[in-house]
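Working notes for the structure below.
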Amino acid sequence: MRCSVCKQNLATQHFTAVAGGVTKYEKHVCVTCAPAVQQEYEKMVVGPARDEYLAATIAKPIRFVYVAGPLSKPSELDNIRAAVVWGDRVLDAGFVPLIPHLDALWHLISPRPYETWLAWCLAWVERCDAVLRIPGASAGADREVAHARDVGIPVFYAGDHLEGDGLDQLVRITKLVRERTGGQTG
Ligand SMILES: [Zn+2]
C-alpha cells in the first residue's frame, strides 16, 4: 500500500482510532510522512477515540508519575506548593508521584549547579511511566517534557481543558491499559 500523504513511498505505519465501534480516523503513511500525520492526528482525535489511541501506544499500566512544573519563577515556595498539591492528587488517584521540587531542600543543604539538577531530573523522567506537566511557564519542565517524548514516555497536561484535565485523562487511559494487559506492571 502506498502512503496516503506523499502517494509515493510504501506505507509502513497505520494511524487509526476507533471509538464506540466507529472508525474516527485512519491513515496509512510512510516513515517520512508519519511525524506530520501524528501531529495532525493528535490534534484531531479527541475524546474517547483519543483515549483509545493513546492507551494503545502504552505497553504497561502507568504507576510512577513524574510531576513536571516550574520551580524558581515566579515564586519558588508557591511552585513547590503547587507541585505538592498536584502530587497529592496523583497519589490519591492511585499512582506513585515523583515530585522533583522537594529536592529544593537537598539544594538548600548542598547546592549544586542547575545543569546537575536538570540531568538528575531527566534521569528520573526516564524511570517514570508518565509525566504530568502542571501549569506554569518553565524552561526546565519543557526540557523534561521533550526528554520524555524522546524516550517514549507519555506526557499528560494538568489543567488542560481542551480534553479535560490531564490527570483525569491519565486515570482513564490507565484503566484502558489495565483492561488490555490484565493489570501487569514492571
Ligand atoms: Zn509518505
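Do you know which of the residues in the stretch 123-134 that are farther than 15 Å from Leu71 by Cα and outside any strand (DSSP E or B) is farthest from the chain's Cα centre (by Cα)?
Ala123
Do any strands (runs of 3 or more DSSP E) lying entirely in the stretch 1-91 carry at least 3 residues that are within 16 Å of the ligand (Cβ to nearest atom) and not hydroxyl-bearing (Ser, Thr, Tyr), and which ones are they?
Filter on the stretch 1-91 gives 13-19, 22-29.
What do you reckon, is Asp129 of a type outside the set (A, V, I, L, M) and closer than 16 Å to Tyr157 by Cα?
When the stated conditions are applied, Asp129 passes them.
Mind checking which residues of the stretch 104-128 are of a type in the set (Val, Ile, Thr) and surrounded by 12 or more Cβ atoms within 10 Å (Cβ to Cβ)?
Of everything in the stretch 104-128, just one residue is of a type in the set (Val, Ile, Thr) and surrounded by 12 or more Cβ atoms within 10 Å (Cβ to Cβ), namely Val125.
Find all pairs meeting these conditions: Cβ atoms under 8 angstrom apart; at least six residues apart or on different chains; first residue within the stretch 129-158 and exposed (fewer than 15 other Cβ atoms within 10 Å of the Cβ); second residue acidic (Asp, Glu).
Val151/Glu126
Please indicate, with yes or no, whether at least one residue in the stretch 85-95 is closer than 20 Å to Trp124 by Cβ and of a type in the set (D, E, K, R).
Yes: the stretch 85-95 contains one or more residues that are closer than 20 Å to Trp124 by Cβ and of a type in the set (D, E, K, R).
No lab work stands behind these numbers, since they all come straight from the coordinates. Just so you know, these numbers come straight off a predicted model, no measurement behind them. Please note: Cβ atoms are built from the backbone with ideal geometry, for glycine as well, and neighbour counts cover all protein chains shown.
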